[in-house]
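Novice: Take this structure, written in structure tokens, and hold onto it; I'll ask about it next.
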Amino acid sequence: MPADRRVHCSRSGFTLIEMAIVVLLVSIMMTLGVATLSAQLESSAVASTKKRQEAVRDALVAYLAKNRRLPCPDNPAANAPNVAFDGIEDRAGASVAGPPPTPNTATACSSAFGVLPYATLGISRELAQDGWSNLFSYQVSTTPYNWTLNASFNAGSQGGITVNTRNAAGNLTAFTANAVVVLASHGKTGLGAYTVGGTRNTLPAGADEVENSNGNVTYVSRDFSNSETASGGTFDDILLVLQPTDLTGPALQTRALRSFEEQAAIAARDIEEIKNALIGYAINNSRLPNADSDGTGKPGCPNGANANDGVADNNCEIGNVPWVTLSVPANDPWAVTAPPAAAAIPNRYKYRVTKNLTNTPNKNAFRAQDGDITVRNESGALLVNDAPFVVYSLGRNNTAFFNNSAGVGAACTTVATAAPATPVAPACLGTNEVANLAATGSFVKAPLTVPPFTDPRLGYDDLVDYVGKGTIDAKLP
């Protein structure tokens, strides 16, 4: 029996060497497991970041199609009445102080760089965060074409943000100089990112990541690197770069946005309809209707409640087409939602009428009066000098309401000088558009200059039509 006990004891334990091997194997397995888990988490964060960027892209496309502009950034340095980190775009002024503030969309962005305005886009704050729970940085193009203002956006607008990459030799090369939006995640390190708590992480030191956090219009997109000696330094930023067609292409395809040519064709069709309605009105009433006041204080035209109501106003010869009186379209294809405080909607169809033809009592008196409106072509050659009326659209740039540098709607009254290249009211028109805007009785009917314009100051996108006095006289019963 004792011998049996000795045999049993010798088989029941492990040697120190065996124990050490077991511990070593367990440690290796745990290390591998932690590394695998860490890699899985990192991959998941990257995938989540890219998926959310795609969702933001879709939201921006939908927003552009609906509003015909992009939102400004939520400015982390916003001052009242704007509020930082509330997810609402911040502009130079707000129409309503809030809370929350209602941005005045006719004013410029308070900054072209900030964080994603998720509330304005109608998405959750979660989608505005990358896979490491930092807020996406958001840069939008405001020069030379301002994508955040209706007055200066069209389906052919170009971007103004440059994005570079690095080639195999480590040299910076241009990826695009035509980006409209850059949505940046600052990666796992989060260097330069804004947090949901309203603070900013330490700024990066590497040259390429500095470009992605300094708020200028130059960015770098390249492969991940954790080497401090790599060209441009360490890099873990993830960028979504949107060029013009990335934003307008889907909207044009679904017809939510239309090309300039399509919009011009619609305007021409509407103007033809309005012209025929005016001829019919003259035949039926032996006179032409007055204009509807556009609220800009033109002589004889009322302001206040009677302005911009579509009804012809006595003694008003320069203003909107009286669309209610005539039962015709009110707004051209470039018109947008009414701005705050029920102000005049930009891009109404416009109308200039010979005043003496609005008060004739019968057809003989109508025939006895001449039209007093002159229309010339782009070379100055006379097309007609007795037009009883002119119907026109001020085009996609809506020059009569172009926003000046202070964000205030202003009439363009003079020809722009050599600088600035981007038009600023009141000096923002070529000579032909100045004549149409003045509406004094001398108009220019010129070929359209299809955007994007080489020089926005010299573009012509007005649509003008008229009829000779004799044409109406011949139709009178």
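Novice: Which of the numbered conditions does Ala338 fail, given that it passes all the others? Conditions: (1) more than 24 Å from Gly395 (Cβ to Cβ); (2) at pLDDT below 95.
Specialist: Failing condition for Ala338: (1).
Novice: Could you check region 100-112 and list, in sequence order, the residues that are outside any loop (DSSP other than H, G, I, E, B) and surrounded by fewer than 21 Cβ atoms within 10 Å (Cβ to Cβ)?
Specialist: Thr102
Novice: Now a separate question. Report, by residue number, each residue of region 263-321 that is closer than 28 Å to Pro477 by Cβ and free of Cβ contacts under 8 Å to residues at least 12 places away in the same chain.
Specialist: Within region 263-321, Arg269, Asn276, Gly280, Asn284, Asn285 qualify.
Novice: Of all residues being outside any loop (DSSP other than H, G, I, E, B) and surrounded by 18 or more Cβ atoms within 10 Å (Cβ to Cβ) in region 245-259, which is modelled with the highest pLDDT? Just the residue, please.
Specialist: My answer is Leu247.
Novice: Determine if region 92-101 includes at least one residue that is more than 21 Å from Asn201 (Cβ to Cβ), hydrophobic (A, V, I, L, M, F, W, C) and within 13 Å of the chain's Cα centre (by Cα).
Specialist: Within region 92-101 (the criterion being more than 21 Å from Asn201 (Cβ to Cβ), hydrophobic (A, V, I, L, M, F, W, C) and within 13 Å of the chain's Cα centre (by Cα)), the answer is no, since none of the residues qualifies.
Novice: Turning to a different aspect of this structure: So, in region 191-236, how many residues would count as being among the hydroxyl-bearing types (Ser, Thr, Tyr), farther than 21 Å from Thr173 by Cα and either touching a Cys at 6+ places or on another chain (Cβ under 9 Å) or in a loop (DSSP other than H, G, I, E, B) (or both)?
Specialist: 2
Novice: On the basis of being touching a Ser or Thr at 6+ places or on another chain (Cβ under 9 Å) and either assigned by TED's automatic domain parsing to the domain that holds Val140 or surrounded by 16 or more Cβ atoms within 10 Å (Cβ to Cβ) (or both), does Ala193 make the cut?
Specialist: yes
To keep it simple, each residue is scored yes or no on (1) in contact with a Ser or Thr (Cβ under 6 Å, 6 or more places away or on another chain); (2) modelled with pLDDT of 95 or more; (3) surrounded by 15 or more Cβ atoms within 10 Å (Cβ to Cβ); (4) of a type outside the set (D, E, K, R).
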| position | (1), (2), (3), (4) |
| --- | --- |
| Asn331 | no, no, yes, yes |
| Tyr351 | no, yes, yes, yes |
| Arg367 | no, yes, yes, no |
| Glu378 | no, no, no, no |
| Gly395 | no, no, yes, yes |
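Novice: Right, next: So which residues in region 274-292 are under 43 Å from the mean Cα position of the chain (by Cα) and in a helix (DSSP H, G or I)?
Specialist: Ile274, Lys275, Asn276, Ala277, Leu278, Ile279, Gly280, Tyr281, Ala282
Novice: Could you list, in sequence order, all residues of region 180-192 that are closer than 15 Å to Ser48 by Cβ and touching a Lys or Arg at 6+ places or on another chain (Cβ under 9 Å)?
Specialist: Leu183, Ser185
Novice: Which of the residues spanning region 52-84 are in a loop (DSSP other than H, G, I, E, B) and crowded, with 20+ Cβ neighbours inside 10 Å?
Specialist: Of everything in region 52-84, those that are in a loop (DSSP other than H, G, I, E, B) and crowded, with 20+ Cβ neighbours inside 10 Å turn out to be Arg68, Leu70, Pro71, Cys72, Pro73, Asn75, Ala78, Asn82.
Novice: Residues Thr165, Thr148, Thr142: which one is assigned by TED's automatic domain parsing to the domain that holds Asp90, assigned to a loop (DSSP other than H, G, I, E, B) and free of Cβ contacts under 8 Å to residues at least 60 places away in the same chain? So that I can check it myself, show each step before the final result.
Specialist: Working: Thr165 fails: assigned to a loop (DSSP other than H, G, I, E, B); Thr148 fails: free of Cβ contacts under 8 Å to residues at least 60 places away in the same chain.
That would be Thr142, the only listed residue that is assigned by TED's automatic domain parsing to the domain that holds Asp90, assigned to a loop (DSSP other than H, G, I, E, B) and free of Cβ contacts under 8 Å to residues at least 60 places away in the same chain.
Novice: Mind listing just one residue for me: the one in region 131-158 that is more than 25 Å from Leu394 (Cβ to Cβ) and surrounded by 22 or more Cβ atoms within 10 Å (Cβ to Cβ) and, of those, nearest to the chain's Cα centre (by Cα)?
Specialist: Val140
Novice: Here's a follow-up. Being modelled with pLDDT of 90 or more and not polar (S, T, N, Q), is that true of even one residue in region 30-45?
Specialist: Yes, because at least one residue in region 30-45 is modelled with pLDDT of 90 or more and not polar (S, T, N, Q).
Novice: Of the residues Asp270, Asp292, Asp237, which is within 30 Å of Val217 (Cα to Cα), buried (at least 17 other Cβ atoms within 10 Å of the Cβ) and at pLDDT 95 or above?
Specialist: Asp237
Novice: For the structure I just gave you, tell me whether Val390 is in a strand (DSSP E or B), on the phi < 0 side of the Ramachandran plot and crowded, with 22+ Cβ neighbours inside 10 Å. Give the steps one after another, and end with the answer.
Specialist: Working: in a strand (DSSP E or B): yes; on the phi < 0 side of the Ramachandran plot: yes; crowded, with 22+ Cβ neighbours inside 10 Å: yes.
In short, yes.
The values are calculated or read from the model by the stated rules, or taken from the named source; none is laboratory data. Just so it is clear, the structure is predicted and the values come from calculations on it, not from any experiment. Counting neighbours? That spans all protein chains shown, and the Cβs are built from the backbone with ideal geometry, glycine included.
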